[in-house]
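The values are calculated or read from the model by the stated rules, or taken from the named source; none is laboratory data. Here the structure is a predicted model, which is why all the values come from computation and not from measurement. As a convention, Cβ positions derive from the backbone with ideal geometry for all residues, glycine included, and neighbour counts pool all protein chains shown.
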Amino acid sequence: MSAALLLIALSATAAPAAPPPGGSAVSAYSSGCIASLREFAYELSTAVEVGDANRLAALYRWRGTPTRAGYSIMERLEVLAGRPLLQVHPVYPPPAPAEPPSSATTAMPIAAFPADAPAGFDPVLLDPPRHGPPIGLRLEQTLADGTTPASTTLWLRRELGCWWVTF
């Protein structure tokens, strides 16, 4: 279920991989990496849902990782794979900073906000959806007790046409 929600969120930013010449498009996984962001997100969600730390580790960018750090990372991946998965959310970069105000206006007039705005009104939340690929994937899980929420962000990296995650 969570993989399907993530796929819907990523559908506007990632096109499925084209089938290889003379073959069928069974998976975007080839040459040891996944080239399609949609397929990558599905594989990551599936690895966590089935509790397979090794499958999750196959999606991690290990290049240049020292041995001691590798053991620590693998332990973190095992913890993630051992928790129930609720949802996966794409993480987008923050919006570009707005242009500085002209010298004539230095502050936004209060009248720009609706007079009947509810408490906690935040105009930043009204931004249109961001374009482009996400920069990370946030895993929403629960701890072993089944009720305490846990959130972990895995950062996405695109390297040599392949998607990878890092902490």
* Inside the stretch 50-72, can you point out the residues that are within 27 Å of residue 132 (Cβ to Cβ) and part of a helix (DSSP H, G or I)? -> 56
* Structure fact -> Filtering the stretch 60-82 down to residues that are loosely packed, with under 13 Cβ neighbours inside 10 Å and among the charged types (D, E, K, R) yields 63, 68, 75
* To do: Might you check whether a residue that is surrounded by 10 or more Cβ atoms within 10 Å (Cβ to Cβ), of a type in the set (Ser, Thr, Tyr) and at pLDDT 95 or above occurs anywhere in the stretch 89-112?
  => no
* To do: Check off (1) assigned to a helix (DSSP H, G or I); (2) modelled with pLDDT under 90 for residue 12 and give me the number that stays unchecked.
  => (1)
